[in-house]
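Below is one structure; the comments refer to it alone.
What follows is calculated from the coordinates using simple rules that are stated; it is not laboratory data. Keep in mind that this is a model prediction, so the values were computed, not measured. For neighbour counting, all protein chains shown are included, and Cβ atoms are generated from backbone atoms with ideal geometry for every residue, glycine included.
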Amino acid sequence: MSFNLALYNHVAFDCAWEYQTEIEPRNNLSEAIFFSTSQSGLDSPDLFVCQAEVPKTSAENALRFGLPDAGWTLFGAIVHPKSRGRLRLTGADPSDPILIDANTLSDPDDLKTAIACVELCREVGNSAPLRPFVKREVMPGNLKGAELERFIRDAATSFWHETCTAKMGRDSMSVVDSNLKVYGIDNLRIADGSILPRITNGNTMAPCVIIGERAAEILQLEHQLQTTVKTDLVAQ
């Protein structure tokens, strides 16, 4: 049995600024996110941007532009990229490594969306309300044409949302059924983001938590498991 495992991911691009006055990073270092559209007429956002309180980028762009000691980043992503990656086996042994082909930006429409994403990040990052926090724009600056495309391809990194390689469904491309059981293999379930038929609009953590909780419910019912909740009482 073999499946065509379509890999989805949120590909993202770092745009960075140097602080006017250094601000100590707080909490989880990234607590602001917003959604937007790359063009008019869309029914839902196709871009989302996360703000990080530290400067970050790919190795290629760090070498090209450098990173300040103190700065911040807008990390913009494509919500539903058209480019699809895939996973392939390299051998019959279960310990053989998996070949991962991310296939990032292979669809030309994704490059157009990526350009809009970077332009949006620059518009926000260089806007008047944020000027008190900006000494200078570190990257990309006012690049155009081939130079902007080079920046985007060098900047493209994972948002760590790799999903959809074992989707749930009933068609011939589905890997698991509604009880998370793998078709054609006994006693095997999958309970993570790979079962999503389509990547979520934003972060994948909450859907993965729900999938895990649902898996626990299924196993509890199927095997008549009892759950015990322990509560520690603290004297007041």
Taking the Cα atoms of the range 163-236, what is the range of coordinates along each of the three principal axes, in descending order and whole Å?
58, 33, 13
Can you list the residues of the range 12-54 with backbone N under 11 Å from a point 7 Å past the Cα of LYS112, pointing along Cα to Cβ?
39
Before rounding to the nearest 500, sum -39500 (n - 2.57) across all DSSP H runs of length at least 4 in the chain and divide by the residue total; then give [θ] at 222 nm in deg cm²/dmol.
-7500 deg cm²/dmol
Check the cysteines of the chain one by one and keep only those with no other cysteine Cβ under 4.7 Å from their own.
CYS50, CYS117, CYS164, CYS208
Which residue, LEU29, LEU120, LEU111, has the most motion in a Gaussian network model of the chain that connects Cα atoms within less than 10 Å?
LEU29
Listed residues PRO94, ILE115, ILE185: farthest to the positive end of the dipole of the chain (Cβ charges)
ILE115
How many angstrom separate the Cα center of the range 181-203 from the Cα center of the range 1-61?
25
Pick from GLU18, GLU123, GLU53: which is most flexible by mean-square fluctuation in a GNM of the chain where alpha carbon atoms under 10 Å apart are linked?
GLU123
For helix 145-155, report the angle its Cα long axis makes with the longest principal axis of the Cα atoms of the chain; keep it between 0 and 90° and round to the nearest 10°.
50
Extension gain from LYS144 to ARG88, taking 0.36 nm per residue of separation minus the Cα-Cα distance:
16.5 nm
With a cut-off of 8 Å between alpha carbons and a minimum separation of six or more residues, what is the relative contact order of the chain in percent?
24
Name the longest site-free stretch of the chain, where the excluded sites are chymotrypsin sites (Phe, Trp or Tyr not before Pro) in a DSSP loop with no more than 15 other beta-carbon atoms within 10 Å.
1-159
Here the range 39-45 yields Karplus 3J(HN,Hα) values (6.51, -1.76, 1.60; θ = phi - 60°; whole Hz; Gly and Pro given as x) of 7, 6, x, 7, 6, 8, x
Return, ordered by residue number, the residues of the range 47-62 whose backbone nitrogen is under 18 Å from a label point located 7 Å along Cα→Cβ of SER127.
47-53
Looking only at MET168, MET139, MET205, which one moves most when the chain is put into a Gaussian network model with springs between Cα atoms under 10 Å?
MET205
